[in-house]
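Below is one structure, written out as structure tokens; the observations come after it.
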Amino acid sequence: MTYAVIGGGNTGQGIASYLALNEEKVKLYTRNAERAERISRNGLEIKGVYSGYINLEVHTSMKEVIQDTEIIIISTTADGHKPIIRELKPLLKNNQTIVFIPGYWGAVECKQILGEDIEAKNITIAETSAQPFISDADDERSVSVRRIKNNVLVSTLATSKGKSSSLSPEFLDRFPHLVPSKNVFETSLNNSNVVIHVPISLFNASRIDDSQEFLFYPDGISPLIVRYIEKVDEERRKIADLFHVETKDILTILNDFYGTSYSTLYEALPGLFPEGAGPTTFKHRYFTEDIPFGLVAISEIAKKAGIEIPYTDSLINITSLLSTVDYRKEGVNLENITFEELSSYGGLTEKV
């Protein structure tokens, strides 16, 4: 198959390198001209779980990257989804597939922007619940894939007739880390990042504001913070029930990802992630991505359903005040979508 990977950061370089290492035809898009020239000239060394040297074609032209491409993988941060979709819209050709890794409601935003073009051009829209690789690019000559997540959910956007498109068997064979799920609510609502990152960040706000270095999980959690995470998780699952989708609690999701058997979240977080550094600024993806493109969508759906989710809403409100950013305004916009329309995106025929 032919692939285009949109986004030249840690995840994009990790995914593109994995595909190239497995002899797939892949092009990488980045806005960084220096990065594009360097990787195209020198290639990349893959370290960690996978190892080897690959040559990679990298461009700063979206048109150059996606033409004659079957699978378009979007691996930018969530705030980049809308600009990328708008740029892609006039360039898309019949029978292409767009996959958001990870989703962060990317499929819903795609539906809002592409509209009738999706069915007119037979475009398949898909998203995952998480990144299958935890990777770091040194922006010199290597990318390290440190860990692999298994049992990551992947789903497709339903058509106007309520049926979901299918991802090609070749794509699923190439990414055995992914498990097909029922619909796009199951993927976006099973994103573990938004439930974990934001409470820990908020409760460590003074450290972050003071730019103190700390280990996010070993130093950043306490029994109180874990209890708060579990309350936010309960609210997430309550919203998921509205769409009749299967969800798992955060502890089970993490154990499934990494093949572990931790009995408590308090043990699991520092055990799984003993070295990750905490944010040193509020301009970090734990704020700028996980709140507006994770928690805000959950909150907006709850409002439509008349359901109170005080733990989630408090996180959004307090972090907005602390960072002086209106995350509700910046985030996923569901204002003009009815429950019936939203449900149709997941192929649900009954009203919620």
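The values are calculated or read from the model by the stated rules, or taken from the named source; none is laboratory data. What you see is a predicted model, and the numbers here were worked out from it, not measured in a lab. As a convention, Cβ positions derive from the backbone with ideal geometry for all residues, glycine included, and neighbour counts pool all protein chains shown. Only protein heavy atoms, including side chains, enter the accessible area calculation; ligands, DNA and RNA are left aside. Shrake-Rupley method; radii C 1.70, N 1.55, O 1.52, S 1.80 Å.
Okay, here's what the table says:
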{"item": "Sparsely packed trypsin sites (Lys or Arg not before Pro) within region 271-321, loop by DSSP, other Cβ within 10 Å at most 14", "result": "Lys283"}
{"item": "Extension reserve of the Asn150-Asn317 stretch, reckoned as 0.36 nm per residue once the Cα distance is removed", "result": "56.8 nm"}
{"item": "Net charge of Cβ neighbours under 11 Å - reference Gly103; Lys, Arg +1; Asp, Glu -1", "result": "-3"}
{"item": "For region 89-134: rounded, prolate or oblate by the Cα gyration tensor [a/c cutoff 1.5]", "result": "prolate"}
{"item": "Ratio of Rg to Rh over region 188-278 (Cα coordinates, Kirkwood Rh, two decimals)", "result": "0.99"}
{"item": "Leading residue at positive end of dipole, the chain (Cβ point charges), from Phe293, Pro176, Ile66", "result": "Ile66"}
{"item": "Mean-position separation - Cα centroids, region 1-53 and region 212-243, in angstrom", "result": "33 Å"}
{"item": "Of all accessible heavy-atom area on the chain, the percent that carbon and sulfur account for (1.4 Å)", "result": "45 percent"}
{"item": "Extension gain (nm, one decimal) between Glu70 and Ser51, 0.36 nm per residue minus Cα-Cα", "result": "4.2 nm"}
{"item": "Approximate spin-label separation Leu91-His284, in nm, with each point projected 7 Å along Cα-to-Cβ", "result": "3.2 nm"}
{"item": "Calculated FRET value between Phe214 and Thr2, using beta carbons and R₀ = 45 Å, to 0.05", "result": "0.55"}
{"item": "Cut-off 14 Å between beta-carbons: net charge of the residues surrounding Tyr311, Lys and Arg +1, Asp and Glu -1", "result": "-1"}
{"item": "Proximal charge balance of Val195 [Cβ under 11 Å; K/R count +1, D/E count -1]", "result": "-3"}
{"item": "The chain, accessible area per residue, ligands and nucleic acids excluded (1.4 Å, Å²)", "result": "44 Å²"}
{"item": "Test item: Cα-centred dipole of region 45-136, Lys/Arg +1 and Asp/Glu -1 on Cβ, debye", "result": "140 debye"}
{"item": "Within region 13-107, percent of DSSP bridges classed antiparallel, to nearest 5", "result": "30 percent"}
